[in-house]
Amino acid sequence: MTTIANSVAAALRELADYAEMAGEDFYKVRAYRRAADTLATWPEDLRALAEAGRLRTIPGVGEAIEKKIMQFLGTGHIEALDRLREEIPPGVLTLRRIPDVGPRTAFRLYAELGITSIAEAERAARAGQIRVLKGLGERSEARILKGIELLNRLSDRVLLAVALPVAGRLRQALRALPTVQAAETAGSLRRLAPTVGDIDLLAATENPALVVDAFTQFPEVAEVVSAGESKATVILQDGLQADLMALPPAHYGSLLQHFTGSQAHNVTLRGWARDRGFSLSEYGLAPLAGGEPIPCATENEVYERLGLAWIPPELREDQGEIAAAASGTLPHLVTDKAIRGDLHVHSNWSDGVNTIEELAQAAIVRGYDYIAITDHTKSLGVAHGLDEARFADRQRDIDALNARLAPFRILSGAEVEVRADGSLDLPDEVLSRLDVVVAAIHTGLRGEADRVTARIVQAIQNPHVDIIAHPTGRIIGERAAMEFDFDAVLEAAAAHGVALEVNATPNRLDLDGEHVRRAIQRGVRLVISTDAHRADSLDYMPFGVAMARRGWAEAADVLNTRPVDRLLVDW
Ligand code: DGT
Ligand code: CA
Ligand code: CA
């Protein structure tokens with residue numbers, strides 16, 4: 001649903017993007033984005049608030065932004081945005097979607113080469129026109145080209161966090177149909193992959209044709225690509241594709257197994273079935289020797305008939321899960337409920353939206369025992385970071401709250417920067433007073449692999465560092481992982497008892513399942529954290545848990561499943 005506050009938020013976000021490219025003041029740009037973030041989920045009627053002259057009670061709305069909101073409410077336009085739109089063609093904005101192309105580079109590609117689309121940027125890079133720009137060079141050009149290739153690969157996929165709520169609504173709507181006995185999501189979405197190509201849905205019904213027909217008429221459906229007796233493919237209002245398969249309940253287990261995939265898992269499972277005299281399909285198990293096919297009503301039955309334990313969907317990537325299911329050695333995967341606290345959260349002492357108390361209350365509501373407030377330090381200019389004096393002030397705030405909120409515990413932490421030379425941007429003396437030190441690299445991510453590895457290893461060697469945040473630095477659809485020696489980092493982390501973070505922010509999901517698995521195999525412990533910059537974002541936690549599960553993590557592998565006293569023992 002689009003509210004007027006949503007529309008204002010969208011306009012402010014666009015304004016921020018343009019303003020950033022036009023080289024306007026960084027603080028101004030950030031203020032637009034913050035106000036947009038708040039407005040995007042603003043519950044009250046904006047017009048009523050404006051009439052009451054109370055727009056400035058909205059966090060992040062000061063005089064200048066109030067004026068822009070008033071303009072928008074009056075005319076549907078923001079003057080400053082209109083001016084910038086005239087100055088810079090809209091295609092230039094899309095250039096920023098190329099990994100490694102920031103606003104300044106995007107603007108220069110336009111101003112100096114007249115590039116206004118990603119396709120034009122690709123042609124220019126291939127023709128060697130970008131390397132001649134001052135300060136860019138051959139390496140930048142190659143990187144831009146690589147970024148465009150990455151983007152092309154990702155452009156038709158969406159984040160798990162974007163697809164999940166949509167899929168949940170469709171599943172609900174299917175379950176509400178009178179002829180549907182069961183409905184579930186399948187495919188990469190059920191496997192909780194970081195991104196999904198489409199939404200796969202399954203239904204058990206005695207009347208597949210009727211259900212398929214009803215599905216194609218759901219209000220969220222914008223276009224029907226194909227519809228048959230038991231399947232349909234549609235495009236939803238928001239551009240996502242959804243596939244539905246419906247079969248009678250007797251086949252539901254086989255159906256679910258087949259369309260959950262992955263394809264690689266299914267290929268190996270079919271081989272396993274063949275070796276045991278069956279052919280496997282969405283209809284059931286057919287004996288190769290002939291005779292009646294056996295339909296399976298539950299997924300458990302499919303695996304059981306093949307001599308296997310049921311395999312959690314997150315593991316179905318053909319990474320040894322079938323052998324583990326055969327030998328009874330599947331992991332007892334960590335669950336959402338096992339998480340007792342969040343160890344990477346930003347308050348309004350740095351660039352977060354909420355007060356420490358609001359964050360603590362939000363954590364209490366979520367059933368947590370503790371939360372670590374890990375504000376940015378001063379050197380990360382973009383984040384209004386804290387210096388030593390302000391850390392001391394913040395500590396008083398935390399002490400007072402802890403006295404009041406016990407037994408809930410607020411841990412005093414920081415997200416410190418790993419500088420170019422591998423040192424940290426807070427003196428050891430300050431670090432030693434913190435409960436939790438999270439170290440992160442935010443700059444120089446494109447350095448030589450050896451340099452990046454050395455920086456991370458050096459941070460790990462600092463006796464005060466507890467956690468390495470978002471270790472690979474990838475941002476899905478925007479930035480590939482840093483090039484570095486992950487095994488060397490694992491070795492150092494294991495040796496120094498430093499945990500690696502599984503960052504649950506939907507476009508990070510860093511570490512992902514593969515990296516989690518490698519970390520566990522090397523004896524490195526993990527934490528799952530949201531990196532929330534506002535209280536609502538504590539809800540990202542399940543996405544991080546999903547990555548940990550995809551990496552075969554058990555509760556014992558994850559430090560924040562521990563009570564706080566056992567957490568601090570090692571730190
Ligand atoms: P996605 O959609 O790219 O994120 O990945 P999946 O795994 O959801 O793939 P999708 O939607 O093409 O198919 C869902 C599952 O159905 C897939 O994991 C395996 C199974 N499947 C059954 N028949 C086929 C087939 O003919 N082709 C493919 N690719 N998958 C099939
Ligand atoms: Ca799919
Ligand atoms: Ca599909």
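Among the residues examined, Pro165 does not qualify as closer than 30 Å to Ala242 by Cα, in a loop (DSSP other than H, G, I, E, B), at pLDDT below 95 and away from ligand 3 (no atom under 16 Å from the Cβ). Against the test of being within 30 Å of Gln217 (Cβ to Cβ), more than 14 Å from ligand 1 (Cβ to nearest atom), surrounded by fewer than 18 Cβ atoms within 10 Å (Cβ to Cβ) and among the hydrophobic types (A, V, I, L, M, F, W, C), the options Ala309, Ala250, Ala324 yield a single qualifying residue, Ala250.
For (1) part of a helix (DSSP H, G or I); (2) within 15 Å of ligand 1 (Cβ to nearest atom), each residue gets a yes or a no:
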{"residue": "Leu256", "(1), (2)": "yes, yes"}
{"residue": "Phe259", "(1), (2)": "yes, yes"}
{"residue": "Trp272", "(1), (2)": "yes, no"}
{"residue": "Leu285", "(1), (2)": "no, no"}
{"residue": "Gly290", "(1), (2)": "no, no"}
{"residue": "Ala297", "(1), (2)": "no, no"}
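Among the residues of the range 474-514, those that are touching a Leu at 6+ places or on another chain (Cβ under 7 Å) and over 19 Å from Leu160 (Cβ atoms) comprise Met482, Ala493, Ala499, Leu500.
May I ask you to list the residues in the range 348-403 that are among the acidic types (Asp, Glu) and in a helix (DSSP H, G or I)? Residues satisfying the conditions are Glu357, Glu358, Glu388, Asp393, Asp397, Asp399.
For the range 458-468, the criterion of being buried (at least 18 other Cβ atoms within 10 Å of the Cβ), within 30 Å of Leu95 (Cα to Cα) and in contact with a helix residue (DSSP H, G or I) (Cβ under 7 Å, 6 or more places away or on another chain) is satisfied by no residue at all. Scanning the range 238-245 for residues that are away from ligand 3 (no atom under 16 Å from the Cβ) and closer than 27 Å to Leu164 by Cα turns up at least one hit.
Taken together, Ser262, Ser281, Ser254 contain a single residue that is under 34 Å from the mean Cα position of the chain (by Cα), at pLDDT 95 or above, of a type outside the set (Lys, Arg) and more than 16 Å from ligand 3 (Cβ to nearest atom), which is Ser254. The residues listed here are Gly544, Gly523; of these, the one that is at pLDDT 95 or above, part of a helix (DSSP H, G or I) and touching a Leu at 6+ places or on another chain (Cβ under 9 Å) is Gly544. Output the residue which, of all residues in the range 237-247 that are out of contact with any Leu (no Cβ under 8 Å at 6 or more places or on another chain) and of a type outside the set (D, E, K, R), is farthest from ligand 1 (Cβ to nearest atom). Here the answer is Gln237. Restricting attention to the range 140-169, the residues that are under 16 Å from Arg479 (Cβ atoms) and of a type outside the set (Lys, Arg) total 13. Looking across the range 168-209, the residues that are within 14 Å of ligand 1 (Cβ to nearest atom) and under 14 Å from Ala232 (Cα atoms) come down to Asp198, Ile199, Asp200, Leu201, Leu202.
Tell me, yes or no, whether the range 332-346 has at least one residue that is without any contact (Cβ under 8 Å) to a residue 40 or more places away in the chain and of a type in the set (S, T, N, Q). Taking every residue of the range 332-346 in turn, none turns out to be without any contact (Cβ under 8 Å) to a residue 40 or more places away in the chain and of a type in the set (S, T, N, Q).
Cβ-Cβ distances below 7 Å connect the following pairs, each with a first residue in the range 194-211 that is over 23 Å from Pro313 (Cβ atoms) and aliphatic (A, V, I, L, M), a second residue that is away from ligand 3 (no atom under 16 Å from the Cβ) and in a loop (DSSP other than H, G, I, E, B), and a separation of six or more residues or different chains: Ala209/Glu229; Leu210/Thr179. May I ask you to list the residues in the range 550-562 that are touching a residue at least 12 places away in the same chain (Cβ under 8 Å) and farther than 12 Å from Ile339 by Cβ? Hits for the range 550-562 are Arg550, Gly551, Trp552, Glu554, Asp557. The residues on offer are Leu189, Leu240, and the sole one that is among the aliphatic types (A, V, I, L, M), within 16 Å of ligand 2 (Cβ to nearest atom) and in contact (Cβ under 8 Å) with a residue 60 or more places away in the chain is Leu240. Taking the condition closer than 30 Å to Leu151 by Cβ and either within 16 Å of ligand 3 (Cβ to nearest atom) or not in a strand (DSSP E or B) (or both), does Asp213 pass? No, not satisfied.
The listed residues are Arg171, Arg157, and the only one of them that is in contact with a Ser or Thr (Cβ under 8 Å, 6 or more places away or on another chain), within 14 Å of ligand 3 (Cβ to nearest atom) and in contact (Cβ under 8 Å) with a residue 24 or more places away in the chain turns out to be Arg157. Checked against the criterion of being part of a strand (DSSP E or B) and surrounded by fewer than 20 Cβ atoms within 10 Å (Cβ to Cβ), the candidates Ala232, Ala203, Ala242, Ala222 yield just one match: Ala222. For the criterion of being within 12 Å of Leu411 (Cα to Cα) and more than 20 Å from the chain's Cα centre (by Cα), Asp393 fails. Check whether at least one residue in the range 222-237 is out of contact with any Cys (no Cβ under 9 Å at 6 or more places or on another chain) and within 12 Å of ligand 2 (Cβ to nearest atom), and report yes or no. Within the range 222-237, one or more residues are out of contact with any Cys (no Cβ under 9 Å at 6 or more places or on another chain) and within 12 Å of ligand 2 (Cβ to nearest atom).
The values are calculated or read from the model by the stated rules, or taken from the named source; none is laboratory data. All values reported here derive from a predicted model rather than from experimental measurement. Every residue, glycine as well, gets a Cβ built from its backbone with ideal geometry; the counts of neighbours run over all protein chains shown.
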